[in-house]
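Shown next, in structure tokens, is the structure this report addresses.
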Amino acid sequence: MADIDPAIMEIVGEIDYDPDELRKRYAYERDVRLRPDKNQQYVETKAEFSHYIDDPYAEPLERDPLNDHTEVAIIGGGIGGLLIGARLRQAGFDDIRIIEKGGDLGGVWYWNRYPGLRCDTESYIYIPMIEEVDSMPTEKYSRGAEIQSNLLKIARRFDLYKNACLQTVVTGLEWDDAASRWTIRTDRGDAMTAQYVVMANGQLSKPKLPGIPGIDTFKGHTFHTSRWDYDYTGGDYLGNLTRLQDKNVGVIGTGATGVQAIPELAKWAKQLNVFQRTPAAVDVRANRPTDPQWASSLEPGWQDRRSDNFNKVSSGIMQDEDLVSDGFSELGRFADPTASWVAAVIGRELTPEEGAFISQTLDDKKMNEIRARIDATVTDKATAEALKPWHRRYCKRPLFSDEYLPAFNRPNVRLVDTAGKGVQRITETGAVVDGVEYPLDCLIFATGFEVGTEFTRRAGYDVVGRDGIELRQYWKDGMKTFQGMFTRGFPNCILVNFGQNAAANSFSFILDEQAKHVAHTLSEVRKRGGTTVEPSQQAVDDYVAEIKPLSFSQSAFWEQCTPSYFNGEGANENPHGFFANVHPAGGVAFYGMLAEWRNAANLDGLEVR
Ligand code: NA7
């Protein structure tokens, strides 16, 4: 380390481990997990697996097909759809219809109800429009039920149930150029029309299953965590899973969901077998009740200010204060490889090598801390060793829990480590790892959601634009948009999603910025007396050129990572990957640019007719 500036060494602190050995271990653990079938390893929840995505919560609903017209149809009633509805209402749009698959609005917070469910970014910034609906989360990280009830407050406050179609699955969109409107077909025989369609059908919304041989042969009970079967387990989101007290339960998946659900399952199952492929990197959560004094001291506009502060801090942009001050904001110290906050501390620009050194060293030290916490918490040494993650912090969505590790100290909980290989086989009666069968009454899949497949496959419908052009075809080699939202040849059709835009740790922030963008654009078109809006070819070409060459997915960081949905299961060339199209400006600058574009109010790049 002799040639590193002492000021930088002071910031990163003592290096009391062997970085080369750590690199070798990370590379080894990645290589063990790389599979030639990459994203193809997963089973799509269709055909004989479609029952995994049935709605267990909704009562049957009958209604006649609709063929009426609305000004704005929003596909998806999750956070994105609700925010678009709210922002459009604020901009004076009355004629809105949300079309939602679920039995109620709420999106992921409607579907996910597993015990232990909470948001992982702070609720004061994650739950949108807290001020507008005059609400306050009861804890720093709210339970799922509290988040859902806040979302429904937005729906009621902005009258978004009016005209909504619940339990309705869109099956196709078709543009009628002569009439300047979309026809929307659904599984209920609807052929409604709308002047504008906003596709807000979610990012991680289609559950996926692991392609483990024999998965279709299991004769016990089974479900995906996003369709929790409380009839079988007993209890509710608070736990009390009393019907598991005489059951051998298996859970596959130790990601964000597994880490939250496993401690609850551990409390109630007779025997819980946790089948682990990649150990979860779990840092301190430190959840706490909301301090009423703090809540009453907040000044109007506090939520936006807090969210803005969090975005900057968690992106490594130096601020006087870290308002959220949690594990996510802490990650800002090494999330940004140029470590701009360090530059601010030492008073000069860093070389790229220095930035990479700081970022990597702080990451190593954080991961060492996470591994040391496992040793300090888990009493059985072999279990503790097997629970240790060997990858960089941002190779996977960072996880936080104070209940996950202690669950492995319970006598009824067994960690079945698969040494990176996953479950070998599922039989009629259990799961096999390393030739040993673990008998199970119930097998729960905490295996996440489809990522890295085409948008239209995840959405479940194709979009036919002007002159019969199909979105499936048009985007087959990757998305082509302006601002990640507007597509040439698909007038009046706007995408709200994490696609060709920039990442931010709080997903609801991205969705709200996009919702403001939709409301602004439609208002401006209205002001101009227009009926259609679409991006110019030049605007799309320029935008795509701007983001493609610098996409995150091509960076060395992701290549060195253990497989995950972040790096397309190691398949960086996947044009549909999670980070395949990310704008290089980063979240703060990118959404700042969108806000400036709105301020200019000239719809630059869009053609209005
Ligand atoms: P994730 O984060 O995609 O996690 C899925 C988990 O399932 C992960 O631990 C996987 O292990 C595991 N998995 C997948 N296939 C297998 C097989 N074949 N055998 C064993 N284990 C397997 O989904 P979550 O629902 O936890 O979280 C989704 C997002 O929701 C999250 O990022 C938040 O943003 C909210 P792997 O790590 O791939 O080895």
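The values are calculated or read from the model by the stated rules, or taken from the named source; none is laboratory data. Keep in mind the model is a prediction, meaning the values are calculated, not measured. Note that we place each Cβ from the backbone using ideal geometry, even for glycine, and neighbour counts take in every protein chain shown. For the accessible areas, the whole protein counts, side chains as well, though only heavy atoms, and no ligand, DNA or RNA atoms are used. Shrake-Rupley method; radii C 1.70, N 1.55, O 1.52, S 1.80 Å.
So with the 1.4 Å probe, I'd like the accessible area per residue for the stretch 1-121, rounded to whole Å².
Numbers: 5880 Å² over 121 residues.
With the other protein chains kept in place, the stretch 1-121 gives 49 Å² per residue.
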Cα pair distances in the stretch 246-327, grouped into 5 Å bins until the bin that holds the longest one, percent each: 3, 11, 14, 14, 13, 11, 11, 9, 8, 4, 1
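Mind giving me the FRET efficiency for E596 and D380? R0 is 56 Å, r the Cβ-Cβ distance, nearest 0.05 is fine.
Once the sixth-power term is evaluated, E becomes 0.50.
Express the accessible area of the stretch 437-577 per residue in Å², computed with a 1.4 Å probe while the remaining protein chains stay in the model. Mind showing how you got there, number by number?
Details: 4780 Å² over 141 residues.
Accessible surface, normalised per residue, equals 34 Å².
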Cysteines not pairable in the chain (beta carbon separation under 4.7 Å absent): C119, C165, C442, C493
What distance in nm lies between label points placed 7 Å from Cα along the C-beta direction at E299 and E131? 1.1 nm
Which residues in the stretch 272-298 place their backbone N less than 13 Å from a point set 7 Å from the Cα of E139 along the Cα-to-Cβ direction? 285-290
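Provide the three semi-axes, in whole Å and in decreasing order, of the ellipsoid equivalent to the chain as defined by the square roots of 5 times the Cα gyration tensor eigenvalues. Walk me through the numbers before you get to the answer.
Numbers: eigenvalues 279, 195, 112 Å².
One finds semi-axes of 37, 31, 24 Å for the chain.
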The simple spin-label model distance between A47 and Y28, using points 7 Å out along Cα→Cβ, in nm, is 4.0 nm
If N is the number of residues in the stretch 1-135, what value comes out of its Cα radius of gyration divided by 2.2 N^0.38 Å? 1.74
The stretch 185-291 accessible area per residue, 1.4 Å probe, protein heavy atoms, integer Å², reads 34 Å²
Using just the helices of the chain, give the 222 nm mean residue ellipticity in deg cm²/dmol: DSSP H runs with n ≥ 4 each add -39,500 (n - 2.57), and the total is spread over all residues, rounded to 500. -9500 deg cm²/dmol
Compute the length gained on full extension between D541 and D159: take 0.36 nm times their separation in residues and subtract their Cα-Cα distance, giving the result in nm to one decimal. 133.7 nm
At 18 angstrom or more along the helix axis (alpha-carbon based) and mean Kyte-Doolittle of -1.0 or higher, what helices does the chain contain? Whole DSSP H runs only. 144-157, 256-268, 352-377, 507-527, 587-600
If exposed means no more than 14 neighbouring beta carbons inside 10 Å and the site is in a DSSP loop, what's the longest run of the chain without any exposed GluC sites (Glu not before Pro)? 133-320
How many nm separate the modelled label positions at E437 and R472, each set 7 Å beyond the Cα in the direction of the Cβ? 4.0 nm
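Tell me, in nm to one decimal, what length is gained between L238 and D94 on full extension, where the rule is 0.36 nm per residue of separation less the Cα-Cα distance?
Values: separation 144, 0.36 × 144 = 51.84 nm, distance 3.83 nm.
Extending this stretch completely gives an extra 48.0 nm.
At 0.36 nm per residue, minus the direct Cα-Cα distance, what do R526 and D229 gain on full extension? Give it in nm, one decimal, please.
Values: separation 297, 0.36 × 297 = 106.92 nm, distance 4.65 nm.
Residue separation times 0.36 nm, minus the Cα-Cα distance, leaves 102.3 nm.
Rounded to the nearest 0.05, what FRET efficiency is calculated for R63 and S149 with R0 set to 25 Å and r the Cβ-Cβ distance?
On the way: r = 26 Å, r/R0 = 1.03.
Efficiency, from the Cβ-Cβ distance: 0.45.
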Give me the percent of accessible area attributable to carbon and sulfur for the chain, probe 1.4 angstrom. 50 percent
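Kindly state, to the nearest 0.05, the FRET efficiency for D37 paired with D402, given R0 = 41 Å and r defined as their beta-carbon distance.
Details: r = 36 Å, r/R0 = 0.88.
Calculated value: 0.70.
Divide, for the stretch 521-604, the radius of gyration over alpha carbons by 2.2 N^0.38 Å, where N is the residue count. Before the final figure, lay out each step's value.
Numbers: Rg = 16.7 Å, N = 84, 2.2 N^0.38 = 11.8 Å.
Rg over 2.2 N^0.38 Å, computed on Cα atoms: 1.41.
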Take the alpha-carbon centre of the stretch 499-520, take the same for the stretch 91-112, and report the distance between them in whole Å. 17 Å
Using a 10 Å cut-off on Cβ atoms, rank the peptides 419-425, 248-254 from the highest mean neighbour count down. 248-254, 419-425
